[in-house]
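FYI, it's all coordinate maths here, none of it is from the lab. This one's a predicted model, so the numbers in the text were calculated from it and none came from an experiment. Positions of Cβ are backbone-derived with ideal geometry, glycine not excepted, and every protein chain shown enters the neighbour counts.
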């Protein structure tokens, strides 16, 4: 399941096609969709983002910058540049900002980032590339056809290997005949990290009854995220042990365990250990 915070915003707002109307194809891609840059205080770094036109017609591209916020369940919202405490506004430049791309070709945007010596140790934002057909096909189409592509940037002066992840809760919830297992994680450090993992359920005999993958997602510095896996397997009444194995990029995995009773879902104690 893709993380909603990666901002691969290929929002193809295609117009309705009526009989006898020819519509130009609009197929575009941005590479990469996210980029983490580590830099020393005062250092300038330069990266390149590729915008590829995979369609049969030329397109025009307009590049802008935006901040974004992320809530605990991973829902992302774009906000104006400079409106968040960890904004890259004023610390990033990109060129060209407007250009055209021929059919089946690509162009690169050069992004320069400045890592300040003070303020938040990690900052983030998104480069938005709006792609439109170069030739509009008439009043019924054309102007409404666009694709918005996003590349998320993280800039930090904290080394990538320094991860400070804390598991602060584990919960269980009935969703009809299914069980939702959630793990709440806090980033107590100054650098972002990406979390992924698996959940396994065992009965009182130790027999494995179900397993699945937690969605991957970013945990921002000072923020809390809740990751959820839904077990759709039919469970017999009884007591179960849920084990979540989390990978935060740290040298060791984090293992979280909790008990619940089905169908009553009375949560038991939470145990956390490192492996």
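Observations
- On the principal axes of its alpha-carbon atoms, segment 41-85 has extents of 41, 33, 18 Å, going from largest to smallest.
- Burial ranking of peptide ranges 160-170, 182-192 (average Cβ count within 10 Å, highest at the top): 182-192, 160-170
- Label-point separation in nm, residue 239 to residue 208, each point 7 Å along Cα→Cβ: 2.3 nm
- Multiplying the residue separation of residue 253 and residue 45 by 0.36 nm and removing their Cα-Cα distance gives an extension gain of 71.7 nm.
- Taken over the C-alpha atoms, segment 110-244 has Rg and Dmax values of 21.9, 68 angstrom.
- Between residue 107 and residue 168, the contour length at 0.36 nm per residue exceeds the alpha carbon distance by 17.5 nm.
- If R0 is 22 Å, the Cβ-Cβ spacing of residue 224 and residue 77 corresponds to a FRET efficiency of close to 0.85.
- The convex hull defined by the C-alpha atoms of segment 165-274 has an orientation-averaged projected area of 6.5 nm².
- Estimated FRET transfer efficiency (residue 186, residue 95; beta-carbon r; R0 35 Å; 0.05): 0.40
- Using a cutoff of 8 angstrom between alpha carbon atoms and counting only pairs six or more residues apart, the relative contact order for segment 165-274 works out to 27 percent.
- Modelled FRET efficiency - R0 22 Å, residue 265 with residue 198, Cβ distances, 0.05 increments: 0.55
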